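Only one structure is covered here, and it is reproduced in the block below.
Quick note: the coordinates plus some simple rules give every number you see, no bench work behind them. What you see is a predicted model; the values in this text were computed from it and never measured. Note: ideal-geometry Cβ built from the backbone for every residue, glycine included; neighbour counts use all protein chains shown.
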Ligand SMILES: Cc1cc2nc3c(=O)[nH]c(=O)nc-3n(C[C@H](O)[C@H](O)[C@H](O)COP(=O)(O)O)c2cc1C
């Protein structure tokens, strides 16, 4: 039986009747409750996990059990990591965490567009701050790979941003396998301006200085899909110079024309309408980088086929958020199995053999 039917028929209609933020809080509560019933949780785990040695992949020196991760923003506090990491994901990116605790924007700030399979959010980095997150994570057992996605506290001005990022990395260094410098969320005023080549160089070098000259773990940078191709390539060139360990493409977009509405909600758009753009960014980045820096592909992935397309377009790892809301908890199984089936059918023994295979070589 298609394991998604249970979600489509029962859970989704129920969750989608609730306001999106309440639905998120409720599913969080259910996961925590469910994990206390070992038989229930083991069953869920066995239905969502898919294991294969072909899916093992080394990126930035880290051994990932499979290429699929939960994108940043789903587990903003770090509390969901123990559950998500046993539900088919090979890595969980927690955060965005900021140096200081902050409430985020006033509610409502999260909106579904079911007919477009899209979400608009203007959450504004609501999070407990790096100190409290460290206390939460310190109590947890380690399962999957954990990424620490850091952003800038809203009240900290851009000039002091490096110290704010550095604070989060310093406090969370012992608990993360990699760190992310998030300079692409649209809901913190000024944050995206840190993507300019000069600004990014300055930010990166200053965070490193704050940390005593070296990052405590491999560090990835997350970019927006609203950069021009030229701006993207300039940033990538700087990433090469700075020896960044990975780039995450992409965050949400401010282009909401795909919603075909007069007055869409303010905020960043994610989900299906972002897929083509994010895939295109992955392709042009891969064409330029050719494996010198790995790409983590995110944006509109909602099926095994879409994940496979992103990998063949150059992503070494993929992440999902909105697809998980629309397709449910069995999506990780579908994604990992589809990729593995493709590897078997094409006589490949490891994932890295198909990364970027759909991107033509420029002579
Ligand atoms: C409600 C919501 C909150 C998000 N919060 C963050 C965040 O805090 N930090 C971040 O880097 N990305 C955040 N994102 C962006 C996602 O990580 C991802 O880059 C984007 O949604 C595109 O992927 P998707 O189409 O699979 O959702 C958020 C996305 C959503 C929908």
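Estimated from helical segments only, the mean residue ellipticity of the chain at 222 nm is -11000 deg cm²/dmol, where each DSSP H run of four or more residues counts as -39500 (n - 2.57).
The fraction of Cα-Cα pairs per 10 angstrom bin, counted from 0 for the stretch 267-318, comes to 29, 54, 17, 0 percent, rounded to whole percents. Here, P(r) means the percent of Cα pairs in each 10 Å bin from 0 to the largest distance; for the stretch 213-253 it is 28, 53, 18, 1. Structural descriptor for the stretch 257-363: relative contact order 28 percent, calculated from alpha carbon pairs under 8 angstrom and at least 6 residues apart. Treating each Cα of the stretch 120-269 as an identical point scatterer and summing with the Debye formula, the log10 of I(q)/I(0) at q = 0.11, 0.12 Å⁻¹ comes to -0.44, -0.52.
Calculate the FRET efficiency for residue 45 and residue 357 from the Cβ-Cβ distance with a Förster distance of 25 Å, rounded to the nearest 0.05. The formula returns an efficiency of 0.20 here. Sorted on the mean count of surrounding Cβ atoms within 10 Å across their residues, most packed first, peptides 151-159, 304-312 read 304-312, 151-159.
Averaging Cα coordinates gives a centre for the stretch 73-112 and one for the stretch 273-289; these two points are 25 Å apart.
Given a cut-off of 18 Å, what percent of all Cα-Cα pairs of the stretch 224-320 lie beyond it? Result for the distance tail: 44 percent.
Taking packing as the residue-averaged number of other Cβ atoms within 10 angstrom, the listed peptides 167-177, 244-254, 137-147 run from highest to lowest as 244-254, 167-177, 137-147.
Relative protection proxy for 190-198, 116-124, from highest mean packing down: 116-124, 190-198 (other beta-carbon atoms within 10 angstrom).
Only beta bridges with both residues in the stretch 1-157 are counted; by DSSP, about 50 percent of them are antiparallel. The relative contact order of the chain comes to 18 percent, based on Cα pairs under 8 Å that sit 6 or more residues apart. DSSP beta bridges confined to the stretch 4-354 are antiparallel in about 30 percent of cases. Between residue 138 and residue 242, the simple label model (points 7 Å from Cα in the Cβ direction) yields a spacing of 3.0 nm. Each principal axis of the Cα cloud of the stretch 4-354 was evaluated for its coordinate range; sorted largest first, these ranges are 50, 49, 47 Å. Hey, for a label at residue 155 modelled as a point 7 Å past Cα toward Cβ, could you say which residues of the stretch 88-109 have their backbone N under 19 Å away? In the stretch 88-109, the label zone of residue 155 (backbone N under 19 Å from the point 7 Å along Cα→Cβ) covers 97-107.
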